Amino acid sequence: MQLDGTIVALSSGRPPSAIAIVRVSGAEAVALAASFGVTGLAPRRASLRRLVSPLDGALLDRAVCVHFPGPETSTGEDIVEFHCHGSPAIVERVLADAVTLSGVRMAEPGEYTLRAVLNGRMGMADAEALADLIEARTEGERRRALRLSEGALSMRVAEWRARLIGLLADAESRLDFADEGDVPDDLTDLACRCDALAREIATVLSDSSDADKLTDGFHIVLTGSPNAGKSSLINALTAREAAIVTPEAGTTRDVVAVTIDLGGYKVTLEDTAGLRDGATGVEAIGIARTRERIARADLVIAVISPDTAATDVPADLVVHHKADLGGPAGALATSITDPASIDLLRDLLRERVSEAMRPAEAALVTRARQRSALGACIARLSDAAGEGQLELQAEALRLACYEMARMTGEIGIEDVLDDVFGRFCIGK
Amino acid sequence: MFHVKHDVVVVGAGHAGCEAAAAAARAGAKTALVTLNQDAIGRLSCNPAMGGIGKGHLIREVDALDGIIGRISDLAGIQYRLLNRSRGPAVRGPRAQIDRAAYAAAMQAEIAATDGLTVVEGEVADLTVDGGVVTGVRLADGRTLTAAAVILTTGTFLGGVIHLGEKTWTAGRMGEAAATDLSHRLRALGLPMKRLKTGTPPRLAASSIDWDALPEQPGDADPVFLSTMTTAPALEQRPCHVTGTNVETHAVIRVNLTRSAMYGGGITGVGPRYCPSIEDKVVRFADREGHQVFLEPEGLTSDLIYPNGISTSLPEDVQIAMVRSMAGCGRAEIVQPGYAIEYDAIDARALAPTLELRALPGLFLAGQINGTTGYEEAAAQGLLAGLNAARLAGGAQAVTMSRDVSYIGVMVDDLVTNGADEPYRMFTSRAENRLSLRADNAGERLTAWGETHGLIGAARKAHHAASMAAKQAAVERLRGLAITPNEAAGEGVGINRDGRRRDGFELLSHPEGGWRVVDRFCPDLETLPREVRDSLEADALYRTYTDRQMTVAAETRAADALAIPQDLAEQPIPGLSNELRQKLIARRPATIGEARRISGMTPAGLALIAAHARRAVA
């Protein structure tokens, strides 16, 4: 990534929108504003100005403009923001005119944050947590990212690191100062303490084994006879026309998935091909795919209706749909003609989902890089616990420190930078 | 005016100076060793002992390069102990009690017998510099010695000031003059000088100690020598004795603390944390009720005892009260009081890894002037400085030693990268490749390298060649072994019955294996020299880890290779703390690897520097 020059990008959501913020960062930020006819901005004060094209002097927009003088800014550089009207045409024209100015170019993905880290405005761990926070699409992801950005993991890591250093120091002192009267020779509990630390890290790691669940989402599969009303139930639950609904049996041959935000979690509802014996051709392929989905689902709902035959697929939940046509009393019953019954089912699902997602939200270790470093650290700690000779225990502990250092970014710093900034997409 | 031309002039004839002069002469340089007093060559200023953990490793490395400190020590050794015997081979360090007089005599004979080496008695008062390059030295009596390279090994003599209670005077050692003019001259050259401090305990009269009251500490029955060339002790062996300070001793010290030069505020120099004075121990470890003190004989013919563990700068009357409070010392007489000494050292970051001063070509430094403490550390630097001085004189490229291959490399790299805020002593924990850098394999690591640079004499060459041939043959023999789990079980070695045959190294490193078992299958290896067998056993024991270390070292080397532009320190690096910026300016690391090893370097700081280095390259 090229790192010099003044960068410009749309920093708010994709227009059309109420307002669109074009942000400029770098040494030429103030000069760029002047080229657009915007001068005399008081630091950190919003001023309404006319934006004039630096190319032909045409009036582009009337925008609220703010100047944040560096280095006390998020990137550590001079920043100018144009809060334009959120029209795609305005934004495109402002950006297009801006990059014609000498020394100005479009920002690369993640470049604002990269500059913030390089200019010492943000630490590596903060940047990683911020990446998560920005990428968070649901309330659950946001809550977890916020907790991590507030140091939930880094504080644990700092404590482990200190203990690891303590263990190594205990071993090294016995090795280097064996001839000193003051250093006791015995160190019988070293193996136990290595083991205890390994177990503690392993617990956090295994508690985090479901971490990806939060981003993958909770998968609900609806099964049932063709025409049992699965599609219409999904439509009612999601209030969207995402699945195809026709009266002809076997229309929904493939899996149709609808993803929604339910109680702050990503939930995918999958409408499946009906399960019917004796199906052939395309329908048989659809049924095979349905069975595959069922096997991988977090929750399987069997949809039964009075006008279709029941199937014997094992399900977590049985819903008696088309309740307006009749059905057993006391059962979980829904009908698209009765919105209250749909709300009841939605509440029930919300409860199941949030219960299932809780461990994933509590996960401290969310990245493959962290998992591999901590996993290797545990392995080295176990080596240390198992070695018979003190200098070999010390060696294993040194390697454990080396792995732990990958967590704190001391070693393999290039990999960390790539991970952070490759995943970053802000300022656009 | 009297005027002599040399290739190399070495100033100072302590452990750094003797080793430097000997190495320069071995490497073919016409060398002069300048000392204030011919009889003081090879004098041990402090404890009568050589080697130990880390220090023994250094001696073996100097020895592997055909240096002299190990052989001379063995000519004067009166007690041998292999420290860390209960630990593994990587951390075992040979140590010996030394007869001071025998050591000095053997060293003086060695120096006198070395071809191309002349001793010059006199005080070096000045360096001669021409066009920014050192051209020789001027003595206090007006003589000048010209040379292509000068090595300063000034020890505690450069600007030396002794502190004893309330008294303070200029001296290089008790009863010897300091090098004061040279100190002024170096400061005038604008070199980054600082003050360091060390101390020594009182010397006791052996005849005044009640030996029967004290437990004896004998040497090893099966001595391990400091030089691999040594086969038997040269002198009669003597035990040490153990006494210790107690509550009464500590009370005496506490009451008189303000009379100590150290605590009276007279000393500004920084002393080593790991070699504290007894005052320091009592203050910093106030909860301890006693500290061990070893009573070490100073020699077979000497009546002096060195009480190891009570270095002090308290006044003499307090020293007597303190000593007499210890067991067996109730009637002890002090022959020479303990004292603290402050001396000049240079910030070693001003040195290239060749030990040549960057700012003053032709001037090399070794030993305490570089901020180290210890005879062994001094000798190891002396050897490298001597070799490079000779190479400079001979028009050859300077050489450096890698920290992956030797403790000498670790030490020099630490010094030139971080300098030394307190006197630097070698520890095995300083070496990343500790399991590979062993006393038993120093020859394997270094002798061939020494040969290519002309350091190795005929006797060492033959000894090394024989030892390597024997080891290589044994390695092939061990690799060729193919023992079934059944056969191993027959010798009491429990191995998974997986049908896989084991080679000799696997049997050697097996907890139930070792030479006892291997000898059953290869009786011919039983007659190998002990050092070869020890070395093979260590190789087998550490194989898993040394393989992994090589991987880690390769990874680090790749990351560390990123070049840092010379002017990066001047460029603004926003976010870099002022402290790190100062270090960057002072040290000017050429690569990310060098920057990584700057003390106090933080991961964030390194990331910033790496990113800016890359930005500059792009």
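The values are calculated or read from the model by the stated rules, or taken from the named source; none is laboratory data. These numbers were taken from a predicted model, which means no experiment stands behind them. No Cβ is skipped: glycine too gets one built from the backbone with ideal geometry, and neighbour counts run over all protein chains shown. Calculation scope for accessible area: heavy atoms of the full protein, side chains included, ligands and nucleic acids excluded. Shrake-Rupley method; radii C 1.70, N 1.55, O 1.52, S 1.80 Å.
Observations, loosely collected:
- Whichever lysines have a C-alpha closer than 16 Å to that of B:Lys30, once near sequence neighbours (fewer than 8 apart) are set aside: B:Lys5
- Straight-distance crosslink candidates among aspartates and glutamates, where the alpha carbon sits under 12 Å from A:Lys322 and sequence neighbours closer than 8 are dropped: A:Asp307, A:Asp338
- Close amide H partners of B:Thr135, meaning residues 5 or more places away or on another chain with modelled amide H under 5 Å apart, are B:Thr128, B:Val129, B:Asp130.
- If you plug the beta carbon distance of B:Ala459 and B:Ser207 into 1/(1 + (r/R0)^6) with R0 = 45 Å, you get a FRET efficiency near 0.65.
- Here the relative contact order of chain B, from alpha carbon pairs under 8 Å that lie six or more residues apart, stands at 17 percent.
- For a paramagnetic label modelled on B:Ser86 (point 7 Å from Cα along Cα→Cβ), amide N atoms under 20 Å away belong, within the range A:361-391, to A:385-391.
- Among the listed pairs B:Lys194/B:Lys583; B:Lys55/B:Lys167; B:Lys55/B:Lys197; A:Lys230/A:Lys266, those whose Cα-Cα separation exceeds 27 Å are B:Lys55/B:Lys167.
- In a fully extended conformation the segment linking B:Glu166 and B:Thr591 would gain 148.1 nm over its present Cα-Cα distance, using 0.36 nm per residue.
- When each of the peptides A:53-60, B:241-248, A:6-13, A:341-348 is scored by how many other beta carbons lie within 10 Å of its residues on average, the order from highest to lowest is A:6-13, B:241-248, A:341-348, A:53-60.
- These residues, B:Met322, B:Met550, B:Met229, go from largest to smallest accessible area, 1.4 Å probe, as B:Met550, B:Met229, B:Met322.
- The three principal axes of the Cα atoms in the range A:262-336 give end-to-end lengths of 37, 36, 21 Å, sorted in falling order.
- The trypsin sites (Lys or Arg not before Pro) found in the range A:25-62 that occupy coil by DSSP, while having at most 16 further C-beta atoms within 10 Å, are A:Arg44, A:Arg45.
- Each Lys and Arg adds +1 at its Cβ and each Asp and Glu adds -1 at its Cβ; summed about the Cα centre, the range A:6-118 shows a dipole of about 320 debye.
- Long-range Cα-Cα pairs in the range A:6-118 (distance over 19 Å), rounded percent: 38 percent
- Cα centroids of the range A:53-82 and the range B:319-392: 62 Å apart.
- Sulfur and carbon atoms: percent of accessible area, the protein assembly as shown [1.4 Å]: 53 percent
- The A-B contact accounts for roughly 3100 square angstrom of buried accessible surface, both chains included, probe 1.4 angstrom.
- If you plug the beta carbon distance of B:Gln217 and B:Asn486 into 1/(1 + (r/R0)^6) with R0 = 60 Å, you get a FRET efficiency near 0.80.
- Inter-label distance, B:Thr400 to B:Met550: 2.4 nm, where each label sits 7 Å from its Cα along the C-beta direction.
- Heavy-atom accessible area, 1.4 Å probe, ligands and nucleic acids excluded: residues of the range B:53-72 down by at least 30 Å² from chain alone: B:Ile53
- Rg to Rh, two decimals, where chain B supplies the alpha carbon set and Rh follows Kirkwood: 0.99
- Theoretical FRET efficiency, 1/(1+(r/R0)^6), r = Cβ-Cβ of A:Glu139 and B:Asp287, R0 51 Å, to 0.05: 0.40
- Relative to the Cα centre, the charge distribution of the protein assembly as shown, modelled as +1 at Lys and Arg Cβ and -1 at Asp and Glu Cβ, gives a dipole magnitude of about 1740 debye.
- Alpha-carbon centroid distance for the pair the range A:329-382 / the range B:109-136, whole angstrom: 80 Å
- Surface analysis of the protein assembly as shown yields an accessible area of 40 Å² per residue, using protein heavy atoms and a 1.4 Å probe.
- Convex hull of Cα atoms in the protein assembly as shown, direction-averaged projection (nm²): 58.6 nm²
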